[in-house]
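Single-structure report; data block below.
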Amino acid sequence: MTKNMSLKSLAAALSLCALAGLAPAALAQDATLKVEDAWVRATVPSQHATGAFMRLTSAVPGRLVAVESDAAKHVEVHEMAMQDNVMKMRQVPGIDLPAGQPVELKPGGYHVMLIDLARQIQPGDRIALTLVVEDAKQQQRRVPVQADARALNAKAGAAPAAQHGH
């Protein structure tokens, strides 16, 4: 009976934590942010930066305000945009995530830059990213993501290419 009581107490405590917004990230993220097709562009030796891409759909209005990763010293949210007839890349403070609308992070648009890479990224590597998402009340939550590394010539939505050792 004591064992049953302690299991019931644990379940009640976890329920209270969830209601208070203290639930583990794995429980909190699934209901509010859908991450699809997360990938990172593989690099060549001595390349110091690369991009990460994905499709985000938030169940509630939010904003992607940062991304973290041990794969690089600096991780920034960027945008590619035409300026004076020249395509330019610039860091942005965040990306709006309207409720229920997919937002594409893709080459040539919004994307994540991994700068000062810790090592070369090979096709097939799994890169851990943590998305920092802010809600309408400016409360942040962290969403862990595993992104597959794809070949340099990969495009959004393309499956990882087979390695041929050329």
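The values are calculated or read from the model by the stated rules, or taken from the named source; none is laboratory data. Worth saying up front: this structure is predicted, and the values here are computed from it rather than measured. We work out accessible area using only protein heavy atoms, side chains counted, and drop any ligands, DNA or RNA first. Shrake-Rupley method; radii C 1.70, N 1.55, O 1.52, S 1.80 Å.
Observations
- Rounded percent of accessible protein surface that carbon and sulfur make up, segment 33-147, 1.4 Å probe: 48 percent
- 3J(HN,Hα) along segment 52-61: 10, 9, 5, 10, 10, 10, 9, 6, 10, x Hz, from the Karplus curve 6.51 cos²θ - 1.76 cosθ + 1.60 with θ = phi - 60°, whole Hz, x for Gly and Pro.
- Stretch gain in nm, segment residue 136-residue 88, where the contour uses 0.36 nm per residue and the Cα spacing is subtracted: 14.3 nm
- Normalised Debye scattering of segment 33-147 at q = 0.09, 0.13, 0.20 Å⁻¹ gives log10 I(q)/I(0) of -0.23, -0.48, -1.08, counting only Cα atoms as equal scatterers and leaving out solvent.
- In the context of the full set of protein chains, residues of segment 33-147 present 53 Å² of accessible surface per residue (probe radius 1.4 Å, heavy atoms only).
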